[in-house]
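Comments concern the structure below.
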Amino acid sequence: MKTLIKTGLSILCVWAGTAWGAPITFNTALPVHEGGYVLREQFIYMKIADDPTPAQRDMRVSGVMSVLGYGVTSDFALFGMLPWFNKRLDMTMGGEALTRRESGVGDLTVQGRYTAFQRDTPGRTLRIAPFLGVKAPTGEEDARDGFGRLPPAVQPGSGSWDALGGAVVTWQTLDLQIDGQAGYQASREAKGFQPGNVLRIDASLQYRLWPRNLGADVPAFLYGVLEASLAHSARDRIGGADDPNSGGTTLSITPGLQYVTRKWIVEAGIQIPLNQHLNGTALRNDYVITTGFRINF
Amino acid sequence: MKFKTFLQRTAIAFSLMLAASGVLAAPLSYQLRVDGLACPFCAYGIEKKLNAIEGVERVETNIKDGAVIVIMQDGFTLDEATARKAVKEAGFSLRKLEPAQSVPNAGPR
């Protein structure tokens, strides 16, 4: 369970702050113009279930991810991301149905991205941008209900300072855009719990569906999007020992649509797991629905 | 001198004076070839940066050709270094700047 939540949410942490016609679930190397801002709001609904144990755990997470990007220079951009979660865990214990839930602001992630390589030619660009960030424990990580302290997966925050880093490559033409990213999130221990580190490899293809032919102006683009994500999570550690029911590898795809104008983008996608190799009784991810918009100013 | 000839010469001289004073002159405009421009969201940053240059009347982008037309207010010109800096700040590359065909006067968009 914790693994799936963590892997799912790492989607939102590692991409932190896309600016242009970027993938839905991760980052891009395209620039934020100097002195400019990009605001992104994403609405997430995640279902994690298929519990093989008698507990029949079923977890649903809805949330809003707010990202503000700022172009310090044309090569270096800063991103701040703050999520808000509503988490609900239904399970059966001793024949009784049990619900544990919590909502609140999650952990703040601040990330810097630097364009290390840029090659522009007419109607196309190739860029490579490493990024580095830190996640601060701004979210509640000690929430309780009538049964005691909520499990880490239901807490809005992690309680730990975590680091993340990686690199993203983008190749964009007038017809299509290809992005690839490798990212790693290292988590630290908080209150006896240390989530396993997460390695993610992402790829995305965006293809202009409309307009088919470009005129002498700047029309809005409708992109069809297909993204793939391979996420590997190490085992969590509880009280200094590995949790055998945590960690694993998930391969998922995200088909989606994006409508891109000069000033704003609206987008929607659904992430579906293709293959999950999870340790022990970890829950399987059912799907993640993502909708959102971005504004350029 | 016949009166008709006098009128013709007067009209020609008057036209030349008006042209020289800029009354009949169209505002200066430039065509920027911008490399790396490949989506509508990209165009916003370039137009914002170019519009911030003093004397720019308006900016028109042709994404298909990677061309950006900058129309100046009367009495203003655009030099390549200024244009290059604006395009660079938007995150893209200026390939070249050249005078464009004159465009009719129009208000800002």
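The values are calculated or read from the model by the stated rules, or taken from the named source; none is laboratory data. Remember, it's a predicted structure, so these values are computed and weren't measured experimentally. Glycine gets a Cβ as well: all are built from the backbone with ideal geometry, and neighbour counts include every protein chain shown.
Can we say A:Phe43 is of a type in the set (Phe, Trp, Tyr), within 12 Å of the chain's Cα centre (by Cα) and more than 14 Å from chain B (Cβ to nearest Cβ)? Let's see the steps before the verdict.
Values: of a type in the set (Phe, Trp, Tyr): yes; within 12 Å of the chain's Cα centre (by Cα): yes; more than 14 Å from chain B (Cβ to nearest Cβ): yes.
When the stated conditions are applied, A:Phe43 passes them.
Going through A:Thr261, A:Thr290, A:Thr254, A:Thr250 one at a time, which residue ends up being farther than 26 Å from A:Thr109 by Cα and of a type in the set (Val, Ile, Thr)? Talk me through it step by step, then tell me what you get.
Values: A:Thr290 fails: farther than 26 Å from A:Thr109 by Cα; A:Thr254 fails: farther than 26 Å from A:Thr109 by Cα; A:Thr250 fails: farther than 26 Å from A:Thr109 by Cα.
A:Thr261 is the lone residue from the list that is farther than 26 Å from A:Thr109 by Cα and of a type in the set (Val, Ile, Thr).
Specify the residue that is nearest to the other protein chains (Cβ to nearest Cβ); the eligible residues are those in the stretch B:66-109 that are closer than 24 Å to A:Gly36 by Cβ and at pLDDT below 95.
Here the answer is B:Arg109.
Considering only residues of the stretch A:190-205 that are hydrophobic (A, V, I, L, M, F, W, C) and surrounded by fewer than 24 Cβ atoms within 10 Å (Cβ to Cβ), which is nearest to A:Pro244 (Cα to Cα)?
Going through the qualifying residues, I end up with A:Phe193.
Restricting the search to the stretch B:28-65, which residues are within 8 Å of chain A (Cβ to nearest Cβ) and surrounded by fewer than 17 Cβ atoms within 10 Å (Cβ to Cβ)?
B:Lys64, B:Asp65, listed by residue number.
Residues of the stretch B:38-62 being modelled with pLDDT under 95 and outside any helix (DSSP H, G or I), which ones?
Within the stretch B:38-62, B:Cys39 is the sole residue that qualifies.
Assess whether A:Leu98 counts as being surrounded by fewer than 17 Cβ atoms within 10 Å (Cβ to Cβ) and within 22 Å of A:Met81 (Cα to Cα).
Working: surrounded by fewer than 17 Cβ atoms within 10 Å (Cβ to Cβ): yes; within 22 Å of A:Met81 (Cα to Cα): no.
Taking the combined requirement at face value, the residue does not satisfy it.
Please work out which residue is nearest to A:Ala143 (Cα to Cα), limiting yourself to the stretch A:46-100 and to residues that are within 14 Å of chain B (Cβ to nearest Cβ) and assigned to a strand (DSSP E or B).
A:Gly69
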